[in-house]
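The structure appears below as structure tokens.
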Amino acid sequence: MLGILSNHSHKNCSMKNIIITGGAGFIGSHVVRLFVNKYSEYRIINVDVLTYAGNLENLSDIESAPNYVFERVDIVDAAAVDALFDKYQPEGVIHLAAESHVDRSIKDPLAFVRTNILGTVNLLNSFKRIHEDFEGKRFYHISTDEVYGTLGKEGLFEETTPYDPNSPYSASKASSDHFVRAYGETYGIPYVVTNCSNNYGQNQFPEKLIPLFINNIVEEKPLPVYGDGQYTRDWLYVVDHARAIDLVYHEGENGETYNIGGFNEWTNIDLIKVLCAQMDEKLGREKGSSEKLITYVKDRPGHDRRYAIDATKINKELGWAPSVTFEEGLAITIDWYLSNAEWLKNVTSGTYQEYYDNMYAKR
Ligand code: NAD
Ligand code: DAU
């Protein structure tokens, strides 16, 4: 897929090249859209291998923009990553590509080791290799609050909370965070890391709680609630995460970590009940009909009890705060899924059903 423009034109043109990895995925597509629309002086190179979670349909509105390029590259392939960096000489990397689903990491940890750890180190190596000095350059790693492990009833994750990952997914993200820091200390790569809480919004693959349950309610399928349903997550609307990423990329301090969260904690069961009520209303179904689909199932192994983010640092130092309430964000999200049935149908074709058929085996 390399080769749309010559090396020469990329090295000498006045546009700044920024690589965004995982741009065809859920959060990445919102980040790519924001950067392409807001910064005509940047060429945004979306680097994505298009796994089951990557979908170029997510970016159909900006695919013809003059400052947007797509490159289908597997970040696990060191030679392909090297060729990509030689071609574009990116000043910045905003790295979101990852295997992102905890349940899948329980089934196949090695896929997470390969993409999340090896893929990140490949990007760091290529970035280090192409730059003689790092003035004005930046490597930004998008990470998760799951690296901090689990909270009890009280307290919040702060930037200084020790890492204590419990799932293969969070262990792989913790490892990649450490590699980014280590490359900063050892080779002087200017980096920033952000650790964000649970995102929801348009274009999220329907394996994560909110879009899975929206899809199942539409299809009148069971809503599988893990364990006692009293697990707590801190939910953030994806566009607000993309706004935070823009801010940190441009104004964050090198070598710093910023936590990002919605100050918006919900137990799963309370959130599911709100979702069910909104779905009944929007689908014009009898009150209480979606709740009847709730089915308690065997718990996720190693399930973290509670996540909650203290986002004071990014708020105080960079002035970021969420722009929508949870009620607003959830309503936008449900409306989007209900009016994008074709998208939902497309992403749930292929191996989707097979995944769910095997999902609860041997947990
Ligand atoms: P996603 O699964 O929706 O998208 C991941 C994207 O990465 C897909 O487009 C996929 O094709 C691409 N990808 C996967 N493996 C690749 C490889 N080997 N080479 C190139 N591309 C590859 O993920 P998401 O939910 O948008 O998460 C994006 C990032 O944000 C991840 O790093 C994740 O850990 C982090 N994060 C997610 C959340 C959340 O709630 N979803 C919260 C905090 C942090
Ligand atoms: O906290 C940030 C993380 O949030 C991100 O780093 C991950 O990429 C993202 O997947 C998300 O992880 P979670 O495991 O918290 O998200 P998930 O949507 O899978 O689950 C949310 C909660 O709902 C969790 O307590 C498990 C529960 N759950 C999930 C599913 C899919 C259910 O009860 N039933 C389900 O079917």
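Assorted remarks:
- Taking 283, 96, 84 and ordering them by how much accessible surface each has at a 1.4 Å probe, largest first, produces 283, 96, 84.
- Accessible solvent surface per residue of the chain, calculated while the other protein chains remain in place, 1.4 angstrom probe, Å²: 42 Å²
- Positive-end extreme of charge dipole, the chain - chosen from 344, 29, 193 (charges on Cβ): 344
- A convex hull fitted to the Cα coordinates of the chain yields 131 cubic angstrom per residue.
- At R0 = 25 Å, FRET efficiency that the Cβ-Cβ distance of residue 295 and residue 351 yields, to 0.05: 0.60
- Note on residue 292: lysines with a C-alpha under 22 Å away, same-chain residues under 8 apart excluded, are 208, 221, 273, 282.
- Tilt relative to the chain, helix 78-88 - C-alpha long axis, 0 to 90 degrees, to 10: 60 degrees
- With the cut-off at under 12 Å, measuring from each backbone N in segment 74-114 to a point 7 Å along the Cα-to-Cβ line of residue 358 picks out 104, 107-109.
- Shown is the FRET efficiency for residue 318 and residue 269, computed with R0 = 41 Å from the Cβ-Cβ distance and rounded to the nearest 0.05: 0.75.
- Between segment 226-296 and segment 98-152, the Cα center-to-center distance that results, in Å: 23 Å
- Debye, to nearest 20: dipole size of segment 249-318, +1 on Lys, Arg Cβ, -1 on Asp, Glu Cβ: 460 debye
- Against the chain, whose longest principal axis comes from its Cα atoms, helix 268-283 is set at around 80 degrees.
- Rolling a 1.4 angstrom probe over the chain with all protein chains present gives an accessible area of which 51% lies on carbon and sulfur atoms.
- Per-residue Karplus couplings for segment 32-46, computed as 6.51 cos²θ - 1.76 cosθ + 1.60 with θ equal to phi - 60°, are listed in order as 4, 4, 4, 5, 5, 6, 8, 10, 5, 7, 9, 9, 9, 9, 8 Hz, Gly and Pro entered as x.
- Average projection area in nm² (convex hull over Cα atoms of segment 167-269, one quarter of hull surface): 8.0 nm²
- Net charge dipole, the chain: roughly 460 debye, given to the nearest 20, about the Cα centre with Cβ charges of +1 for Lys and Arg and -1 for Asp and Glu.
- Since only 307, 237, 359 are under comparison, the one whose Cα sits farthest along the positive direction of the charge dipole of the chain, derived from C-beta charges on Lys, Arg, Asp and Glu, is 359.
- DSSP-defined beta bridges in segment 186-314 - what % are antiparallel, rounded to 5: 20 percent
- As a length-normalised measure over Cα pairs under 8 Å and 6 or more apart, the relative contact order of segment 182-258 settles at 52 percent.
- Student exercise, segment 314-363 dipole from Lys, Arg, Asp, Glu Cβ charges, in Debye to nearest 20: 260 debye
- Heavy atoms of residue 50 accessible to a 1.4 Å probe, total area in Å² rounded to 10: 40 Å²
- Size of segment 203-331 as Cα extents on the principal axes (Å, biggest first): 50, 34, 21
- Each Cα pair under 8 Å and six or more residues apart adds its sequence gap; the mean of these over the residue count of the chain is a relative contact order of 16 percent.
The values are calculated or read from the model by the stated rules, or taken from the named source; none is laboratory data. Not measured: the values here are computed from a predicted model. Reconstructed Cβ throughout: ideal geometry from the backbone, glycine too, with neighbour counts over all protein chains shown. Side chains are part of the model used for accessible areas, which takes the heavy atoms of the whole protein and leaves out ligands, DNA and RNA. Shrake-Rupley method; radii C 1.70, N 1.55, O 1.52, S 1.80 Å.
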